[in-house]
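> Submitted below is the structure of interest, expressed as structure tokens.
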Amino acid sequence: MRQAYDIVIRGGRVATASDEFDADVAISGERIAAIGSRLGPGKREIEASGKLVLPGGIDSHCHIEQLSANGKLNADSFASATISAAFGGTTTVIPFAAQHRGMRLREVVADYHKLAERGAVIDYAFHMIIADPTRETLEEDIPALIEGGHSSLKLFMTYERLKVEDEELLDVLATARKSRAMVCVHAENHGVISWMVKRLLAHGHTAPRFHAASHARIAESEAINRLVEMAALIDQPIMVFHVSTAEGAAVIRQARGRGLKVFAETCPQYLFLAENDLDRPGVEGAKWMCSPPLRLAADQEALWRAIALGDLQTVSSDHAPYRLDAGGKFPSGEASTFKEIANGMPGIEARLPLLFDAMVSKRRLGLRKFVEVTASAPARIYNLAHKGSIAIGADADIAVWDPERTVTLSDAVMHDQAGYSPYAGRKLTGWPVEVLSRGRVVIERGELKAVRGSGKFLARSAGEAGVPASLDGSRGGEDSGGRLRALVL
Ligand SMILES: [Zn+2]
């Protein structure tokens, strides 16, 4: 008599980034033990006929319990954000351990671990925000932390408290190359934005809709271009965060065409919302303020095209929750100008349902591409072992989706702490009904079963994506910078 599996998800349709097939999925302990037809009994059985059995989502860019650019803590704790993520079918998050100027990176990361250990209900890794690339940060803390499994860094080219100058950016790229880490970047030209902000305010243009105007489109494409060229000089792989414009996507496409190791993402807000969402009475438009700002319908189409072509590999939430009060979006109440209003919107829970509705229910790019951009590609790029697929031996991180279920999004449907959803009123088809994280049922028939602190830190090396192009054998001697680098690195 065969030993029973711990859990069998029975009779569903399984999808990965490459295949779709009908199968039972059996789990023993934390891992997927078998995939097949008529598998033996499970101590627990999850009926999935008529349902889709998909890898849990990986949200590789979300702000949780983090001190942000305006010096404020955002509205979510690890518990509230990861519970919200799980309700939306996400089983791994990569939030940010954020260094601000004057802070010791090593302590920032240690403190952030404590918060995650206490609250997370799903697994997590960190990106380390580097805002103060001192000698100590570059030569001691970053190499030691990479060694400890934190293999991605994040830099800001804008925001007064966080931005790095070009020389500092080169320093960090060189450090990442030496110790092997992915470098993720918020690429917008700081000077252009701050010049625009001053001029707009001087002319009395203070409403939220002027936020979009202040982040001129060229601020993005110029900064991405500058970043790409500096990364090419150093021969360091990069990930360009939240590409929002057609021109930005075009810069990425050209860089990849040159054989540079440039990865890029966009976010649901740039695919489903647009600049005119900001145009509301009073300060209501603040709900739709994020950076880069929402753009035009033509940009949405260009970004979908870039996803189809593989120029953009992942779609993350950039979840950045602020409440609609003086402690959140509105430091000066109704009188807050667009410059004072905190940037960012919640989306950790709505990300997958929005994309499922568009890609699967409405058939734009299809189910396998949905799995790829939401789970498999982030697992590969950020080197998350055993994540992002349904395979024997993989972690049992699984979302069972009801493809027929319709849900109208509202402020009350979401479980994060922002208190509103920028997508309220949208009717979506397809919803995750059962969610498992390493074999633990965290959402059961839409009910929360998760235990705070049950999520685990995922230590990782940079993996294949983080290997410099000139060293990974893919670049056929085209790199001409080797002699130059030998002089300076
Ligand atoms: Zn962000």
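The values are calculated or read from the model by the stated rules, or taken from the named source; none is laboratory data. All of these numbers come straight from a predicted model, not from anything done at the bench. So basically every Cβ, Gly included, is an ideal-geometry build from the backbone, and we count neighbours across all protein chains shown. Surface accessibility is based on the protein's heavy atoms, side chains included, excluding ligands, DNA and RNA. Shrake-Rupley method; radii C 1.70, N 1.55, O 1.52, S 1.80 Å.
> Looking at (1) more than 16 Å from the ligand (Cβ to nearest atom); (2) within 19 Å of Ile122 (Cβ to Cβ); (3) touching a Phe, Trp or Tyr at 6+ places or on another chain (Cβ under 7 Å), can you tell me which one Val53 breaks?
(3)
> How many residues does region 56-73 contain that are in contact with a Ser or Thr (Cβ under 6 Å, 6 or more places away or on another chain) and open to solvent by 10 Å² or more (accessible area, probe 1.4 Å)?
Going through region 56-73 one residue at a time, the tally reaches 1.
> What about Ala246, is it closer than 30 Å to Gly473 by Cβ and modelled with pLDDT of 95 or more?
No, not satisfied.
> Also, quick follow-up: Here are Arg445, Arg438: which of them is closer than 26 Å to Pro353 by Cα and either in contact with a Pro (Cβ under 9 Å, 6 or more places away or on another chain) or crowded, with 19+ Cβ neighbours inside 10 Å (or both)?
Arg438
> Can you name the residue in region 65-75 that is within 11 Å of the ligand (Cβ to nearest atom) and within 17 Å of the chain's Cα centre (by Cα) and is also nearest to Ala379 (Cα to Cα) among such residues?
Gln66
> Tell me whether region 86-109 contains one or more residues that are within 30 Å of Glu165 (Cα to Cα), open to solvent by less than 10 Å² (accessible area, probe 1.4 Å) and away from the ligand (no atom under 16 Å from the Cβ).
Within region 86-109, one or more residues are within 30 Å of Glu165 (Cα to Cα), open to solvent by less than 10 Å² (accessible area, probe 1.4 Å) and away from the ligand (no atom under 16 Å from the Cβ).
> Please give the helices (runs of 4 or more DSSP H) falling wholly within region 240-352 in which 3 or more residues are within 16 Å of the ligand (Cβ to nearest atom).
In region 240-352, 268-272 are the helices (runs of 4 or more DSSP H) which contain 3 or more residues that are within 16 Å of the ligand (Cβ to nearest atom).
> Would you confirm whether any residue within region 310-322 is open to solvent by 30 Å² or more (accessible area, probe 1.4 Å) and of a type in the set (A, V, I, L, M)?
no
> Of all residues in region 16-31, which are open to solvent by less than 50 Å² (accessible area, probe 1.4 Å) and either under 20 Å from Val373 (Cβ atoms) or in a loop (DSSP other than H, G, I, E, B) (or both)?
The answer is Thr16, Ala17, Gly29.
> Something else: Taking region 158-199 as the region of interest, how many residues are under 25 Å from Leu145 (Cα atoms), small (Gly, Ala, Ser) and open to solvent by 10 Å² or more (accessible area, probe 1.4 Å)?
2
> Output the number of residues of region 207-246 satisfying the condition of being polar (S, T, N, Q) and closer than 24 Å to Arg305 by Cα.
Matching residues across region 207-246 total 4.
> What's the total number of residues in region 458-470 that are under 15 Å from Tyr124 (Cβ atoms) and either more than 19 Å from the chain's Cα centre (by Cα) or open to solvent by less than 50 Å² (accessible area, probe 1.4 Å) (or both)?
Residues flagged as under 15 Å from Tyr124 (Cβ atoms) and either more than 19 Å from the chain's Cα centre (by Cα) or open to solvent by less than 50 Å² (accessible area, probe 1.4 Å) (or both) within region 458-470 amount to 2.
> Would you mind finding the one in Asp59, Asp19, Asp76, Asp24 that is among the charged types (D, E, K, R), touching a residue at least 60 places away in the same chain (Cβ under 8 Å), over 30 Å from Val185 (Cβ atoms) and out of contact with any His (no Cβ under 6 Å at 6 or more places or on another chain)?
Asp19 is the lone residue from the list that is among the charged types (D, E, K, R), touching a residue at least 60 places away in the same chain (Cβ under 8 Å), over 30 Å from Val185 (Cβ atoms) and out of contact with any His (no Cβ under 6 Å at 6 or more places or on another chain).
> Going by the conditions given, is Val433 outside any loop (DSSP other than H, G, I, E, B) and open to solvent by less than 10 Å² (accessible area, probe 1.4 Å)?
No: the conditions fail for Val433.
> Here's another thing I want to ask about it. Consider Gly12 against the criteria (1) within 26 Å of Lys456 (Cα to Cα); (2) open to solvent by less than 10 Å² (accessible area, probe 1.4 Å): it satisfies all of them except one. Which criterion is unmet?
(1)
> Looking at region 404-414, can you tell me whether even one residue there is touching a strand residue (DSSP E or B) at 6+ places or on another chain (Cβ under 7 Å), open to solvent by less than 40 Å² (accessible area, probe 1.4 Å), among the aliphatic types (A, V, I, L, M) and not in a loop (DSSP other than H, G, I, E, B)?
Among the residues of region 404-414, at least one is touching a strand residue (DSSP E or B) at 6+ places or on another chain (Cβ under 7 Å), open to solvent by less than 40 Å² (accessible area, probe 1.4 Å), among the aliphatic types (A, V, I, L, M) and not in a loop (DSSP other than H, G, I, E, B), which makes the answer yes.
> Please go through region 201-224 and give me each residue that is surrounded by fewer than 20 Cβ atoms within 10 Å (Cβ to Cβ), assigned to a helix (DSSP H, G or I) and without any contact (Cβ under 8 Å) to a residue 60 or more places away in the chain, ordered by number.
Ala202, Ala213, Ile218
> In this structure, does Asp132 turn out to be away from the ligand (no atom under 16 Å from the Cβ) and under 30 Å from Arg440 (Cβ atoms)?
no
> I need the full set of residues from region 32-50 which are part of a strand (DSSP E or B) and either within 16 Å of the ligand (Cβ to nearest atom) or among the charged types (D, E, K, R) (or both), in order please.
Lys43, Arg44, Glu45, Glu47
> Let me ask another. Does Lys387 meet the test of being within 24 Å of Arg13 (Cβ to Cβ), assigned to a loop (DSSP other than H, G, I, E, B) and either open to solvent by less than 20 Å² (accessible area, probe 1.4 Å) or touching a residue at least 40 places away in the same chain (Cβ under 8 Å) (or both)?
Yes.
> Here's something else I'd like to know. Spot the failing condition for Val185; the list is (1) closer than 22 Å to Ala465 by Cβ; (2) at pLDDT below 95; (3) not acidic (Asp, Glu), and only one is missed.
(2)
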